[in-house]
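Reviewing the structure listed below.
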Amino acid sequence: MTQTIWFSEHSLRLRADVRPDGSITTQRSAVRGMSVERHLGDGFTEHRFADGDGLLATGCGGPTAQAADTLREVQDRPVFEVTAQHRDTLTTIAAETGADLVLGVAQQQVAAGDPDHVRSTHRFVATLLLTLTGADGTTHSQSIRWNPTDDPTTVVAAAMRTAVQMRGRLDMPSAEEPPPDADLVLLPGFAGAFFHEIVGHPMEADVVASGTSYLGERLGHRVAPPWLTVIDGGHMAAGGYRSAFDDEGADCVTTRLIDRGVTGRPMNDLALALRLNTTRTGHGRRQSYRHPAIPRMTHTAAVVEPGVEVEEPAGDWIAPRGLRLDMMNIASGAFVFHAPISVLHRADGTTARLGPLRIVGDGTSALAKLRPYAHQVAGYLRATGGCGKLGQYPVLVSFANAGFRLPAGSVGIRAVADA
């Protein structure tokens with residue numbers, strides 16, 4: 001049976017670059033339009049789109065009058081503007097911290113649903129990325145949340161605290177090479193991208209259905225210790241991407257990708273739910289109305305189950321910052337991550353800064369060898385970035401993780417030239 005989905009939006013992506021000398025450069029991109037998708041069965045979808053509300057006049061899968069009003073209404077909602085007060089706050093932070101700043105804003109006024117029932121929502125995320133440069137030319141970046149309605153002094157204080165911490169790492173003595181027998185510790189809030197890549201993408205239903213997911217081959221089987229759970233859901237992120245429903249109007253469901261060590265349920269959209277004869281998880285997302293919805297992550301969180309005793313490293317350990325993926329083979333689980341800056345914690349209590357590192361391993365081995373390091377869960381988000389699956393970039397995603405330890409030898413760690 002054919003099912004029809006309507007989607008309407010007025011969305012904004014904004015980036016403001018602020019230098020310590022007070023100069024500000026702003027890039028702004030807004031879109032306003034609608035799409036309609038007809039799901040024809042067995043995964044086949046017909047997608048049509050148009051700017052503005054012109055699609056309503058074409059007669060294709062026409063919505064009810066009430067639904068049409070909702071689709072039009074979100075396009076008339078205003079989007080964010082940088083005010084003089086915002087500019088003053090940003091220039092104050094840049095001057096007092098000496099950091100290059102990037103304010104990122106991602107905003108969506110959205111309506112989605114079937115022809116009989118369309119609902120609307122407002123999604124808004126803003127972050128401030130600070131970048132400092134050390135005396136030896138090493139750069140260090142970190143993002144904090146930014147709420148434009150907060151008292152400016154609160155934002156300045158948060159940025160100052162972050163800058164002091166960053167400067168402390170840049171001022172550490174440098175170490176040439178990582179010790180060969182050091183553990184890798186994924187600190188709370190600094191390893192979300194790790195689980196996004198090695199667990200999230202392999203557990204999206206289109207990847208699983210294609211037969212090219214190393215985790216899809218092991219659905220219902222143990223792949224990690226029983227204290228590890230990895231979940232995803234756009235409704236649960238207090239400090240990240242948040243929405244009660246996806247870009248097809250389906251409720252966002254907390255989906256256990258790894259459930260206490262066992263591979264759980266893939267994330268799906270309507271097309272994959274119909275094809276696989278299962279219920280929807282609320283992961284149908286799109287870059288804009290010009291793109292069809294596909295299964296994608298929202299807010300991915302890796303946690304240590306309550307009551308599990310955490311473990312401190314016995315010897316040297318390395319804490320990477322700013323992990324980003326260089327390469328992953330979803331079929332085999334092989335990965336290469338890049339860490340632009342890391343801190344070496346030696347067994348004697350001293351610390352040193354490590355330059356860029358390459359972290360090489362595979363998902364099957366890494367998940368099996370994980371050890372619990374901290375119960376605390378912290379989040380991370382950067383509104384100027386996003387996920388680029390199948391060419392749809394950037395789609396906003398956020399991360400959260402507890403602390404985890406990969407014992408020495410679980411992954412390969414080596415210093416690389418910063419390219």
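Which residue out of ALA159, ALA193, ALA94 is in contact with a Pro (Cβ under 6 Å, 6 or more places away or on another chain) and either surrounded by 19 or more Cβ atoms within 10 Å (Cβ to Cβ) or part of a strand (DSSP E or B) (or both)? Can you show your working first?
On the way: ALA159 fails: in contact with a Pro (Cβ under 6 Å, 6 or more places away or on another chain); ALA193 fails: in contact with a Pro (Cβ under 6 Å, 6 or more places away or on another chain).
Step by step, each of ALA159, ALA193, ALA94 is checked, and only ALA94 is in contact with a Pro (Cβ under 6 Å, 6 or more places away or on another chain) and either surrounded by 19 or more Cβ atoms within 10 Å (Cβ to Cβ) or part of a strand (DSSP E or B) (or both).
Yes or no: ARG32 charged (D, E, K, R), in a strand (DSSP E or B), modelled with pLDDT of 95 or more and buried (at least 19 other Cβ atoms within 10 Å of the Cβ)?
Working: charged (D, E, K, R): yes; in a strand (DSSP E or B): yes; modelled with pLDDT of 95 or more: yes; buried (at least 19 other Cβ atoms within 10 Å of the Cβ): yes.
Criteria met by ARG32.
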Criterion violated by LEU344 - all others in (1) buried (at least 19 other Cβ atoms within 10 Å of the Cβ); (2) out of contact with any Phe, Trp or Tyr (no Cβ under 9 Å at 6 or more places or on another chain); (3) under 20 Å from MET172 (Cα atoms); (4) of a type in the set (A, V, I, L, M) satisfied
(2)
Failed item, numbered, when GLY113 is tested on (1) in contact with a Gly (Cβ under 8 Å, 6 or more places away or on another chain); (2) among the small types (Gly, Ala, Ser); (3) open to solvent by 50 Å² or more (accessible area, probe 1.4 Å):
(3)
Among ASP69, ASP88, which is open to solvent by 70 Å² or more (accessible area, probe 1.4 Å), in a helix (DSSP H, G or I) and without any contact (Cβ under 8 Å) to a residue 12 or more places away in the chain?
ASP69
Please work out which residue is nearest to THR263 (Cα to Cα), limiting yourself to the stretch 206-224 and to residues that are assigned to a loop (DSSP other than H, G, I, E, B) and without any contact (Cβ under 8 Å) to a residue 40 or more places away in the chain.
GLY211
Return the pairs, sorted by first residue and then second, in which the second residue is among the hydrophobic types (A, V, I, L, M, F, W, C), the first residue lies in the stretch 274-292 and is at positive phi, the beta carbons are less than 9 Å apart, and the residues are 6+ apart or on different chains.
GLY282/ALA244; GLY282/PHE245; GLY282/ALA250; GLY282/CYS252; GLY282/VAL253; GLY282/MET267
Would you check if there is a residue in the stretch 170-177 being open to solvent by less than 80 Å² (accessible area, probe 1.4 Å) and within 27 Å of the chain's Cα centre (by Cα)?
yes
Would you confirm whether or not the stretch 226-241 contains a residue that is touching a residue at least 12 places away in the same chain (Cβ under 8 Å), part of a strand (DSSP E or B) and more than 16 Å from the chain's Cα centre (by Cα)?
yes
Any residue in the stretch 344-361 that is more than 22 Å from ALA193 (Cα to Cα) sitting within a Cβ distance under 7 Å of a residue that is modelled with pLDDT under 95 and open to solvent by less than 30 Å² (accessible area, probe 1.4 Å)? List the pairs, counting only those 6 or more apart or interchain.
ALA352/ALA175
Of the criteria (1) open to solvent by 50 Å² or more (accessible area, probe 1.4 Å); (2) of a type in the set (A, V, I, L, M, F, W, C); (3) out of contact with any strand residue (DSSP E or B) (no Cβ under 8 Å at 6 or more places or on another chain), which one ALA244 fails:
(3)
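Does LEU228 qualify as being within 26 Å of GLY361 (Cα to Cα), surrounded by fewer than 23 Cβ atoms within 10 Å (Cβ to Cβ), at pLDDT 95 or above and not basic (Lys, Arg)? Lay out the reasoning, then the answer.
Working: within 26 Å of GLY361 (Cα to Cα): yes; surrounded by fewer than 23 Cβ atoms within 10 Å (Cβ to Cβ): no; at pLDDT 95 or above: yes; not basic (Lys, Arg): yes.
Taking the combined requirement at face value, the residue does not satisfy it.
Within the stretch 1-29, take every residue that is of a type in the set (Asp, Glu) and over 28 Å from ALA271 (Cα atoms) and give me the one that is least open to solvent (accessible area, probe 1.4 Å).
ASP17
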For ALA331, are the conditions met, namely being assigned to a loop (DSSP other than H, G, I, E, B), farther than 28 Å from ARG28 by Cα, open to solvent by 40 Å² or more (accessible area, probe 1.4 Å) and touching a Leu at 6+ places or on another chain (Cβ under 9 Å)?
no
Which count do you get for residues in the stretch 353-405 that are open to solvent by less than 10 Å² (accessible area, probe 1.4 Å), touching a Pro at 6+ places or on another chain (Cβ under 8 Å) and not in a strand (DSSP E or B)?
3
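Only residues that are small (Gly, Ala, Ser), modelled with pLDDT of 95 or more and closer than 15 Å to THR281 by Cβ: list them for the stretch 234-269, please. Give the derivation first.
To start, the set of residues in the stretch 234-269 that are small (Gly, Ala, Ser) comprises 234, 237-240, 243-244, 249-250, 261, 264.
Right, trim to modelled with pLDDT of 95 or more and you get 249-250, 261, 264.
Across the stretch 234-269, the qualifying residues are GLY249, ALA250, GLY264.
The values are calculated or read from the model by the stated rules, or taken from the named source; none is laboratory data. Here the structure is a predicted model, which is why all the values come from computation and not from measurement. Backbone-built Cβ (ideal geometry, glycine too); neighbour counts: all protein chains shown. When the accessible area is computed, the model is the full protein with side chains, heavy atoms only, and any ligands, DNA or RNA have been set aside. Shrake-Rupley method; radii C 1.70, N 1.55, O 1.52, S 1.80 Å.
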